[in-house]
Amino acid sequence: MIRAFSIDDVRAAEEAVKRELEPGELMQRAALGLAEVARARSDEDGRVVVLAGSGDNGGDALYAAAHLARLDLNVVALLVGSRTHEEALAAATAEGVVPIEWRSGKVPAAAAEALAEANLVIDGIVGIGASPGLPKHLENLPDLFANDAYVIAVDLPSGVDPSGVVAADCLYADETVTFSLLKPCHLLPAGEAACGQLTVVDIGVPEPDSPAVVRYEASDATRLWPTPGAFDDKYSRGVLGVMTGSESYPGAAVLGVTAAVTTGVGMVRYIGPRRATDLVLGSVPEIVSGPGRVQAWLLGSGWDGHGGAPELVDELLDDILPIVLDAGALDLLDEPRSAPTLLTPHAGELKRLAQRLGLEHTQGVPGARVVADALGAHVLLKGATTLIVPPSSTRGPLVSQTDGPAWLATAGSGDVLAGMIGALVASGLGVTEAGALGVLLHGRAAHLANPGGPVRALDVARCAGRAVAEFL
Ligand SMILES: NC(=O)C1=CN([C@@H]2O[C@H](COP(=O)(O)OP(=O)(O)OC[C@H]3O[C@@H](n4cnc5c(N)ncnc54)[C@H](OP(=O)(O)O)[C@@H]3O)[C@@H](O)[C@H]2O)[C@@H](O)CC1
Ligand SMILES: [K+]
């Protein structure tokens with residue numbers, strides 16, 4: 001599992017280590033690690049520009065500049081903040097780094113020339129002390145870079161919101177070198193794309209207890225998968241009740257049920273309108289049609305109204321069983337249930353849901369968070385990066401998964417994902433684990449369906465079993 005920590009926790013962990021070290025030692029470790037990566041990425045006769053801002057992020061960059069100059073690289077330091085880390089600047093200039101001040105206004109000619117010639121740019125403008133966005137004079141900075149310049153961000157790309165919540169103008173990097181601990185922006189959509197390759201340099205700061213953001217990996221699927229034992233039967237493995245599809249959209253039912261059965265669950269009970277039931281039975285003869293005992297419910301994919309049995313829905317919502325509410329069923333809930341509940345909206349559905357509930361945020365992490373809090377439910381926000389946002393009261397981390405190829409943006413894909421997650425909830429996983437492993441499985445199955453090429457949702461559903469076998 002990949003973990004990122006809140007900025008407060010990162011600062012506290014760094015302070016605790018600093019108390020045990022000589023003053024400045026931690027920054028020296030960071031700068032040395034950064035310089036080693038930068039050296040490995042630069043040519044023999046490399047021309048390096050270091051962008052140094054006001055804080056310690058600029059300090060890291062300037063000390064790294066000193067190391068690189070000592071290795072005979074040609075290094076220019078652009079001092080772009082309102083202040084400069086003076087000791088680090090003195091160390092850099094003592095090694096032959098050429099400083100140029102550009103604290104506001106138009107770019108000085110010497111700075112523009114150095115940037116145009118640089119094949120390596122080290123972005124030490126701002127780190128975890130950042131407020132989102134770039135200062136006015138640096139807004140068009142990338143226009144000054146050579147086309148083939150390799151950009152290394154120190155700790156995080158400048159301009160990015162360190163907490164990964166607010167999307168803002170930032171300096172895109174080819175590589176981000178961070179120190180011991182990942183920060184939320186490294187894993188969340190508002191920052192991750194700007195990071196490029198993420199390299200972690202160990203400076204000896206231990207992980208705090210509780211991560212703010214986590215990402216499940218294949219090894220987590222291996223560890224957590226609800227693999228049946230010799231004494232299991234179809235009931236002990238778990239039964240999933242599915243109410244999906246409608247007269248207008250019966251295909252959603254076929255996709256979700258196919259995905260659930262192929263993912264592996266003791267049994268699927270399907271309840272839906274006649275046409276959808278016939279189609280489901282025609283392609284998935286393993287299912288049992290009609291109500292009965294189940295361990296979890298999946299509702300809503302392909303609904304046009306309240307599915308096949310509206311009279312059942314209120315009863316289910318009052319029940320103590322876990323429920324996955326997808327698509328049309330996102331409209332059902334107005335207040336928290338007492339049992340685990342997972343909502344699976346895409347961005348448009350989240351917006352509508354938050355507006356219906358009259359909430360102040362409607363998008364991204366803040367939107368998912370207010371919906372999760374209002375409904376006491378986990379919100380799985382589908383997208384290129386899929387997030388799982390728990391209600392604040394759980395104090396649990398956000399989950400951020402980027403497992404699927406972009407080809408998964410296709411009709412029926414969400415129905416398949418819902419079926420996979422439903423199967424995992426019925427098998428006994430909590431909604432967070434089921435959501436995260438479902439997204440992992442969805443991405444892996446898409447890859448197996450047609451590596452590197454377009455996929456149809458039904459093929460993704462059909463590949464789930466093989467993908468599970470790979471995890472195990
Ligand atoms: N702590 C440790 O032990 C270790 C820390 N380490 C390093 O220190 C970094 C954190 O350093 P930090 O706390 O000095 O903050 P940092 O991000 O450099 O600058 C904040 C200042 O920048 C400004 N500013 C704000 N927003 C801005 C923007 N959008 N764009 C431009 N400028 C902006 C604002 O100053 P202003 O110019 O407004 O006066 C603000 O005060 C961390 O990321 C890591 O690299 C490593 O050495 C390992 C050990
Ligand atoms: K930076």
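Could you tell me, in Å, what Rg and Dmax come out for the Cα atoms of the chain?
25.9, 81
Any idea how far apart residue 352 and residue 86 come out in nm if each label point goes 7 Å out from Cα toward Cβ?
6.1 nm
With a/c under 1.5 counting as rounded, go ahead and sort the range 218-471 into rounded, prolate or oblate using the C-alpha gyration tensor (a ≥ b ≥ c being the square roots of the eigenvalues; past the cut-off, prolate if a/b is larger than b/c, else oblate). Let's see the in-between values first.
Details: a/c = 1.31, a/b = 1.12, b/c = 1.16.
Rounded, since a/c falls under 1.5.
How long are the semi-axes of the equivalent ellipsoid of the range 164-253, defined as square roots of 5 times the Cα gyration tensor eigenvalues? Whole Å, largest first.
39, 24, 11
What FRET efficiency comes out for residue 233 versus residue 318 if R0 is 22 angstrom and r is the Cβ-Cβ distance? Round to the nearest 0.05. The partial results should precede the final answer.
Details: r = 29 Å, r/R0 = 1.31.
Efficiency at R0 = 22 Å is approximately 0.15.
Limiting things to C-alpha atoms, what are the Rg and the maximum Cα-Cα separation (Dmax) for the range 184-226, in angstroms?
Here Rg and the maximum Cα pair distance are 13.3, 37 Å.
Sticking with the crude label model, points 7 Å out along Cα→Cβ, report the distance from residue 209 to residue 384 in nm, one decimal please.
3.8 nm
What is the diffusion coefficient of the range 17-105 in µm²/s, taking the Kirkwood radius over Cα pairs and the Stokes-Einstein relation at 4 °C with a viscosity of 1.567 mPa s?
Translational D for this selection: 100 µm²/s.
Between residue 71 and residue 44, how many nm apart are label points set 7 Å from Cα along the C-beta direction?
Each label point lies 7 Å from its Cα, and together they span 1.5 nm.
I'd like the FRET efficiency for residue 2 and residue 274, computed as 1/(1 + (r/R0)^6) with the beta carbon distance as r and R0 of 45 Å, rounded to 0.05.
Plugging the Cβ-Cβ distance into 1/(1 + (r/R0)^6) gives 0.45.
Counting other Cβ atoms within 10 Å, which chymotrypsin sites (Phe, Trp or Tyr not before Pro) in the range 251-305 have at most 16 and lie in a DSSP loop? Mind showing how you got there, number by number?
On the way: sites: 270, 297, 303; in loops: 303.
Nothing satisfies the criteria.
Work out how much length residue 217 to residue 12 would gain on full extension: take 0.36 nm times their residue separation and subtract the Cα-Cα distance, in nm to one decimal.
Extra length available between residue 217 and residue 12 comes to 71.1 nm.
I'd like the antiparallel share, as a percent to the nearest 5, of DSSP beta bridges with both residues in the range 47-100.
The answer is about 0 percent antiparallel.
Give me D for the range 2-212 in µm² s⁻¹, whole number, from Stokes-Einstein with Rh from the Kirkwood sum over alpha-carbon pairs, 37 °C and 0.692 mPa s.
Numbers: Rh = 16.7 Å.
Reported coefficient: 196 µm²/s.
Starting from a Cα-only point model with no solvent, please compute log10 I(q)/I(0) by Debye for the range 97-174 at q = 0.17, 0.19, 0.22, 0.24 1/Å.
Log-scaled intensity ratios, in q order: -0.67, -0.83, -1.09, -1.25.
Quick note: the coordinates plus some simple rules give every number you see, no bench work behind them. Treat the numbers as computed from the prediction; the structure is a model and nothing was measured. Virtual Cβ from ideal backbone geometry, glycine too; neighbours counted across all protein chains shown.
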